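Notes follow once the structure below has been shown.
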Amino acid sequence: MFAIVLGAAAGGGFPQWNSHAPACRRARSGDRMARPRTQASIAVSLDGRSWLLLNASPDLRQQIEANPCLHPRDGLRSSPIVGVALTGGDVDAIAGLLTLRERQPFTVYGTRRVHDVLDANPIFEVLARDLVVRRPVVLDEPVVVAEAAGRRLTLEFFSVPGKVPLYLEQAGSVPPIVEGETVGIAVADGRHRLFFIPGCAAMTEALCRRLSGADLVFFDGTLWTDDEMIRAGLGAKTGARMGHMSIDGPAGTIAAFRSLDIGRKILIHINNSNPVLLDDSPERALAEAAGWDVAHDGMEVTL
Ligand code: MLT
Ligand code: MN
């Protein structure tokens with residue numbers, strides 16, 4: 001199977017529109033060590049012709065134009081994008097659905113919870129219901145999303161610890177970390193398995209077992225340290241408060257994955273405050289020394 005990183009940054013992207021922080025200034029100035037990144041999404045394909053998007057980033061239009069495999073090939077109107085699978089209801093996961101209006105058939109896969117969010121928001125009616133199938137998935141049950149040359153591409157959604165989307169938080173209260181609001185997606189073609197987990201609040205025993213033996217894992221790389229946004233003066237929230245585990249530290253991602261048997265590990269959904277984005281940072285060197293790659297837009301992987 002084929003996978004392409006359409007966007008590697010967390011919500012806001014890199015640089016973020018209103019950020020004048022040093023790293024965003026570097027990205028804007030064309031510094032080759034601080035490459036811009038759009039908001040997180042990957043595309044997967046069995047045959048390189050039909051593609052499934054994992055999340056619909058607010059930057060989707062730009063991502064489609066940047067990746068010729070996603071351009072129309074036939075007739076006056078067509079698209080190789082046959083489906084979109086959603087890991088949650090966050091803006092950076094669903095806003096790109098609005099880009100996919102214009103009466104084009106495809107299927108939206110997501111949990112009942114995410115479909116409820118879409119159904120409750122009339123702006124998503126721009127996806128004509130007679131053409132765009134809204135398909136609820138059951139956790140832990142693989143769904144066949146493509147077939148080619150006798151092979152099948154399946155997606156399996158599974159719960160990871162997370163929180164409600166930011167815009168659904170109750171004012172004045174801290175949302176609990178729960179199961180079922182945020183999911184990871186396993187993509188399998190009968191030979192290989194890759195995982196897409198752009199948001200995860202904590203590593204659990206069950207998640208360790210599930211990931212063990214995977215060929216490739218794209219994992220939540222939002223923050224390097226839990227309080228980096230506070231220390232940089234960029235915001236009042238910790239990573240834990242936002243539903244993201246951090247890369248560094250005793251309970252961090254590097255430590256959590258150290259004993260897992262995984263072919264390739266790639267950080268994705270990386271916030272613009274995270275120094276791992278910078279090719280010349282000590283944090284990048286530490287991540288690479290621990291066996292992690294840092295996703296960038298346009299990164300291609302073949303399994
Ligand atoms: C997140 O990943 O925590 C959310 O995308 C935050 C947001 O919605 O801005
Ligand atoms: Mn996000």
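All of the numbers you see were taken from the coordinates with simple rules; none came from a lab. Treat the numbers as computed from the prediction; the structure is a model and nothing was measured. Heads up, the Cβs are rebuilt from the backbone with ideal geometry, glycines too, and the neighbour counts pull from every protein chain shown.
Cβ crowding within 10 Å, taken as a proxy for footprinting-reagent exposure, orders LEU100, LEU286 from fewest neighbours to most as LEU286, LEU100. Ranking LEU168, PRO105, LEU139 by Cα position along the charge dipole of the range 53-172, where only Lys, Arg, Asp and Glu carry charges on their C-beta atoms, puts PRO105 farthest toward the positive end. Across GLU169, GLU205, GLU179, mean-square fluctuation computed from a Gaussian network of the chain (C-alpha pairs under 10 Å connected) peaks at GLU205.
Taking amide H as placed 1.01 Å from N in the peptide plane, the amide H of VAL108 sits under 5 Å from that of VAL84, VAL133, ARG134, ARG135, each at least 5 places away or on another chain. Using a simple spin-label model with pseudo-atoms 7 Å out from Cα toward Cβ, VAL178 and ILE230 lie 2.5 nm apart.
Close amide H partners of ALA214, meaning residues 5 or more places away or on another chain with modelled amide H under 5 Å apart, are GLY263.
The distance between label points at ARG152 and VAL138 comes to 1.4 nm (points 7 Å beyond Cα on the Cα→Cβ vector).
Available extension along the chain between GLU300 and ALA285 is 3.3 nm, counting 0.36 nm per residue and deducting the alpha carbon span.
Once backbone amide H atoms are built at 1.01 Å from N, ARG35 has ASP279 as its partners under 5 Å, excluding neighbours fewer than 5 places away on the same chain. Quick check: Cα centre of the range 65-104 to Cα centre of the range 149-189, how many Å? With the range 65-104 and the range 149-189 each reduced to a Cα centre, they are spaced 20 Å.
Please report how far the C-alpha centroid of the range 273-301 lies from that of the range 229-263, rounded to the nearest whole angstrom. Here the two parts' Cα centres lie 14 Å apart. Straightening the chain between SER259 and ASP47 buys 73.0 nm, computed as 0.36 nm per residue apart minus the Cα-Cα spacing.
Each of the peptides 41-50, 259-268 was scored by the mean count of other Cβ atoms within 10 Å over its residues; in descending order, highest first, they stand as 41-50, 259-268.
Near VAL301, once Lys and Arg are set to +1 and Asp and Glu to -1 for all other residues with Cβ below 15 Å from its Cβ, the sum equals -1.
Between ASP74 and GLN170, residue separation times 0.36 nm minus the direct Cα-Cα distance comes to 29.9 nm.
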